[in-house]
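Before any comments, here is the structure.
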Amino acid sequence: MSPVAKAFSPASVGNVGVGFDILGHVIEGVGDTVTVRRIEAGEVRIAAIRGAAVDLPMHAPGNTAGASLIALRAALELPFGFEIEIDKGIPLGSGMGGSAASCVAALVAANALLDVPLSREALYRFALSGEAVASGGLHGDNVGPMLLGGLVLSTAERLVKIPVPAEWHSVLVHPDAILETRRAREALQGSYALGEFVAQSANLALVLAGCHAGDATLVRAGLQDVLVEPRRAPLIGGFGAAKQAALAAGAMGASISGAGPSVFGWFETRAQAEASAPAIQAAFAAAGFDSQAWVSPIDSPAAKLL
């Protein structure tokens, strides 16, 4: 067995609008790569972090990758430790699951170094521990789909992969701006009307039913975030125009990816998704932001060993 393993975790669209903290899907083309070495010392340490625009925690307990492997060691009572090198490919504060990708890639790599590797589902609780370092809470809308691939419903203790037609694609557009997850969560403080929860529950049910049935009409009816988006939209310059550009291009629905500022849209074909990207980017450009766009199947691959 090699004492070194390297893994890649893709970025993700968290929440998918209607599934706050519980629903997400991965995207192709961008992600984090983590190299893990099995070491004799009974500890987890960060040896290097590359590709980050700002300094990230080198102290393992304060780093999402480090915290996830600390939780893994403790639960399995491992007699050995891990050394981690992180190569960031996901922009920080982008709403693309950057913190989650680091801890999932670290876990997939470390899992390959175990005498008896665990299932992806068994790694979930350790990924939650890592994600909590960055977000302050145990929510799996990013780590769940990174572990299993595609669209995943992630509860406190369970991962459920949701079937999605292969031809359905997403577009994700990231404006060159940073929105910290904690700040985005602060925008959600305050009271909510019972009717808002009822409407959001109905919309989530429509989206899940539409995915299972391959019925785009149901998804179009449900992919509308009435609970979170109205409170976070003011934090994202150009959001309203970007969303409208996606809908005008034929999106089944569009909303904020994760905590923002990235915006996603769901389309029935790849051609529609690709055609929408320039208009969405133009909307952000009008607000003063350069941007990047990625188009990928909603049912994209999970994190993998390299």
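What the table below lists for this structure:
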item: Single unsatisfied condition, Arg185 versus (1) assigned to a helix (DSSP H, G or I); (2) basic (Lys, Arg); (3) without any contact (Cβ under 8 Å) to a residue 60 or more places away in the chain; result: (3)
item: Residue in the range 15-29 that is more than 17 Å from the chain's Cα centre (by Cα) and modelled with pLDDT of 95 or more present; result: no
item: Candidates Gly97, Gly62, filtered to the one that is in contact (Cβ under 8 Å) with a residue 24 or more places away in the chain, assigned by TED's automatic domain parsing to the domain that holds Leu148 and closer than 11 Å to Ile46 by Cα; result: Gly62
item: Residues within the range 152-174 that are polar (S, T, N, Q), in contact with a strand residue (DSSP E or B) (Cβ under 6 Å, 6 or more places away or on another chain) and not assigned by TED's automatic domain parsing to the domain that holds Ile280, tallied; result: 0
item: Residues located in the range 280-305, provided they are out of contact with any His (no Cβ under 8 Å at 6 or more places or on another chain) and over 25 Å from Ala166 (Cβ atoms); result: Gln281, Ala282, Ala283, Phe284, Ala285, Ala286, Ala287, Gly288, Phe289, Asp290
item: Residue check for Leu147: over 30 Å from Val54 (Cα atoms) and either in contact (Cβ under 8 Å) with a residue 12 or more places away in the chain or hydrophobic (A, V, I, L, M, F, W, C) (or both); result: no
item: When residues of the range 67-101 are limited to those that are touching a Leu at 6+ places or on another chain (Cβ under 8 Å) and in a helix (DSSP H, G or I), the one farthest from Asp55 (Cα to Cα); result: Leu76
item: Set Asn203, Asn142: member being in contact with an Asp or Glu (Cβ under 8 Å, 6 or more places away or on another chain) and in the same structural domain as Val30 (by TED's automatic domain parsing); result: Asn142
item: Failed item, numbered, when Gln244 is tested on (1) over 22 Å from Val26 (Cα atoms); (2) in contact with a helix residue (DSSP H, G or I) (Cβ under 7 Å, 6 or more places away or on another chain); result: (2)
item: Total residues in the range 275-293, condition among the aromatic types (Phe, Trp, Tyr) and surrounded by fewer than 22 Cβ atoms within 10 Å (Cβ to Cβ); result: 1
item: Tally of residues being of a type in the set (S, T, N, Q) and closer than 14 Å to Ala106 by Cβ across the range 1-60; result: 3
item: Residue pairs meeting the criteria (Cβ under 6 Å; at least 6 apart or on separate chains; first assigned to a helix (DSSP H, G or I), in the range 117-134; second among the polar types (S, T, N, Q)); result: Phe126/Ser68; Ala127/Ser68; Ser129/Ser68; Gly130/Thr64; Gly130/Ser68; Val133/Thr64; Ala134/Thr64; Ala134/Ser99
item: Residue tally, condition surrounded by fewer than 20 Cβ atoms within 10 Å (Cβ to Cβ), farther than 19 Å from Leu148 by Cβ and not small (Gly, Ala, Ser), over the range 15-48; result: 8
item: Residues that are surrounded by fewer than 14 Cβ atoms within 10 Å (Cβ to Cβ) and either in contact (Cβ under 8 Å) with a residue 40 or more places away in the chain or closer than 17 Å to Ile298 by Cβ (or both), drawn from the range 201-217; result: His212, Ala213, Thr217
item: Exclusive hit being more than 30 Å from Gly210 (Cβ to Cβ), of a type in the set (Ser, Thr, Tyr), crowded, with 24+ Cβ neighbours inside 10 Å and within 12 Å of the chain's Cα centre (by Cα), set Ser12, Ser68, Ser102; result: Ser102
item: Search result, residues across the range 223-258 that are closer than 19 Å to Glu196 by Cβ, touching a residue at least 40 places away in the same chain (Cβ under 8 Å) and part of a loop (DSSP other than H, G, I, E, B); result: Leu223, Gln224, Asp225, Leu227, Val228
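The values are calculated or read from the model by the stated rules, or taken from the named source; none is laboratory data. Quick caveat: nothing in here was measured; it's all calculated off a predicted structure. Note: ideal-geometry Cβ built from the backbone for every residue, glycine included; neighbour counts use all protein chains shown.
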